[in-house]
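For reference, the structure is listed below as structure tokens.
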């Protein structure tokens with residue numbers, strides 16, 4: 001699952017491997033959003049999960065970050081469901097983690 005804004009260094013790693021400190025730093029930078037509401041969900045996600053994020057979860061989060069701010073917020077607030085082309089297990093898992 002390689003997306004345009006994803007970290008290419010993750011492509012060759014095992015999905016179950018823990019995310020490195022450098023990988024986490026790049027991911028946090030990529031997750032900055034234009035809507036405060038999205039930032040609140042994302043900050044809470046990192047506060048709860050950053051110490052145990054895997055490479056696969058990071059890849060899935062990059063996929064979600066490629067969505068527009070409004071589309072992402074609609075998913076987070078459960079106004080819309082995940083688009084068919086993004087309905088992959090890891091993306092669904094990370095979306096669930098963001099919604100907690």
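The values are calculated or read from the model by the stated rules, or taken from the named source; none is laboratory data. Fair warning: this is a prediction, and the values are worked out from it, not measured in the lab. Reconstructed Cβ throughout: ideal geometry from the backbone, glycine too, with neighbour counts over all protein chains shown.
Structural remarks
- Condition met for residue 16 (surrounded by 16 or more Cβ atoms within 10 Å (Cβ to Cβ) and either at pLDDT 95 or above or in contact with a strand residue (DSSP E or B) (Cβ under 8 Å, 6 or more places away or on another chain) (or both)): no
- Residues that are crowded, with 17+ Cβ neighbours inside 10 Å, under 10 Å from the mean Cα position of the chain (by Cα) and farther than 17 Å from residue 47 by Cβ within region 78-94 comprise 90, 91, listed in sequence order.
- Note on region 11-30: among residues that are outside any helix (DSSP H, G or I) and without any contact (Cβ under 8 Å) to a residue 12 or more places away in the chain, the one that is nearest to residue 74 (Cα to Cα) is 11.
- Selection of region 63-77 for residues being closer than 13 Å to residue 36 by Cα and either within 10 Å of the chain's Cα centre (by Cα) or not in a helix (DSSP H, G or I) (or both) yields an empty set.
- When 33, 59, 48 are checked against the criterion of being part of a loop (DSSP other than H, G, I, E, B) and either touching a residue at least 12 places away in the same chain (Cβ under 8 Å) or over 11 Å from the mean Cα position of the chain (by Cα) (or both), a single residue qualifies: 33.
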